[in-house]
Amino acid sequence: MSDSTRLDGQVAIVTGAAQGIGQGIALVLAEAGAKIVIGDIQDASGTIDQIQGEGKGEAVCMLMDTSRAADARRLINLAIDLHKKVDILVNNAAIDAPDGNAWDLPDDEWQRTIDVNLTGVFNCSKAALEPMLAQGSGCIVNISSRSAEAGAKGLSPAYNASKAGVLGLTRGFSAQVSDHGVRVNAIMPSLVESRDFGWTPEEAAERRAQYPLGTGTPKDIGEAVRYLVSPAARWVSGTALQLTGGYQG
Ligand SMILES: NC(=O)c1ccc[n+]([C@@H]2O[C@H](COP(=O)([O-])OP(=O)(O)OC[C@H]3O[C@@H](n4cnc5c(N)ncnc54)[C@H](O)[C@@H]3O)[C@@H](O)[C@H]2O)c1
């Protein structure tokens with residue numbers, strides 16, 4: 001039986017894939033056969049080495065800032081120059097606003113969070129839609145968060161708001177482009193142990209205890225992206241897939 005989640009020959013752009021969840025997504029999509037183009041504000045050659053090191057993958061990276069529209073266009077142009085098309089865009093790059101109360105948040109921290117986490121998704125989507133609409137096909141996956149719908153003490157309201165905005169962009173773009181052959185979806189992860197969060201052993205145990213299936217890994221998110229961008233999800237657009245390890249809070 002053929003595997004309907006193979007992505008052989010497809011060109012996938014992943015933002016923020018130098019580390020963490022973005023790196024996990026890039027590795028899974030490469031494993032599925034996609035050619036990877038990474039845009040990150042930091043050097044992503046570690047991810048490139050992992051993809052190429054396994055002897056089968058093809059990947060390049062570009063230093064860029066998703067919050068700048070001109071950088072978003074440069075990233076899409078790199079993919080077009082190299083591969084003549086863009087099939088997949090994964091808007092993963094984001095920043096955590098500093099922990100703390102809304103009323104303590106400096107104005108520039110609010111603005112930077114919105115610029116990267118929300119405007120960055122808009123910039124890259126807008127730039128990628130040009131070739132996708134011209135070719136009449138494409139898939140965009142936006143990495144939102146469960147915190148788009150669930151506030152938590154210690155989690156910045158700016159981050160929550162930016163991730164809720166990403167859901168709005170997902171639905172809005174989907175409504176406008178799915179009848180042109182382009183599907184747009186979001187993923188809302190709960191806690192993914194994508195990096196060292198600096199917890200004490202007690203804090204780590206307390207958090208992990210909330211997740212019946214354990215906390216997530218970057219690969220878990222990558223596998224969900226693989227499904228959403230594959231032919232297996234041909235009837236899926238404008239939706240947000242919640243990945244929570246069974247946690248329902
Ligand atoms: N880790 C979690 O528990 C969790 C949960 C829900 C959602 N998310 C979301 O998943 C995504 C990845 O999270 P992570 O934990 O891997 O984060 P991370 O901080 O480890 O990685 C983010 C990556 O994005 C890059 N980046 C940051 N700003 C950028 C910019 N302006 N332009 C280009 N690249 C930029 C960083 O250099 C980095 O490589 C984010 O959208 C995050 O909000 C994470």
Quick check on my filter: what residues within the stretch 16-43 are more than 8 Å from the ligand (Cβ to nearest atom) and either among the acidic types (D, E) or touching a strand residue (DSSP E or B) at 6+ places or on another chain (Cβ under 6 Å) (or both)? I25, A26, L29, A30, E31, A34, K35, I36, V37, I38, D43
Quick one: count up the residues across the stretch 138-167 that are assigned to a helix (DSSP H, G or I), farther than 21 Å from V14 by Cβ, of a type in the set (G, A, S) and without any contact (Cβ under 8 Å) to a residue 60 or more places away in the chain. 3
The lone condition A175 fails out of (1) surrounded by 13 or more Cβ atoms within 10 Å (Cβ to Cβ); (2) assigned to a helix (DSSP H, G or I) is (1)
Would you mention how many residues in the stretch 53-72 are buried (at least 16 other Cβ atoms within 10 Å of the Cβ), out of contact with any Lys or Arg (no Cβ under 9 Å at 6 or more places or on another chain) and assigned to a helix (DSSP H, G or I)? 1
Test: T113 is crowded, with 24+ Cβ neighbours inside 10 Å and under 23 Å from D8 (Cβ atoms): no
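Computed from the coordinates by the stated procedures, all read-outs in this text should not be read as laboratory data. Just so it is clear, the model here is predicted, and its values are computed rather than measured. With ideal geometry, Cβ positions are generated from the backbone for all residues, glycine too; neighbour counts draw on all protein chains shown.
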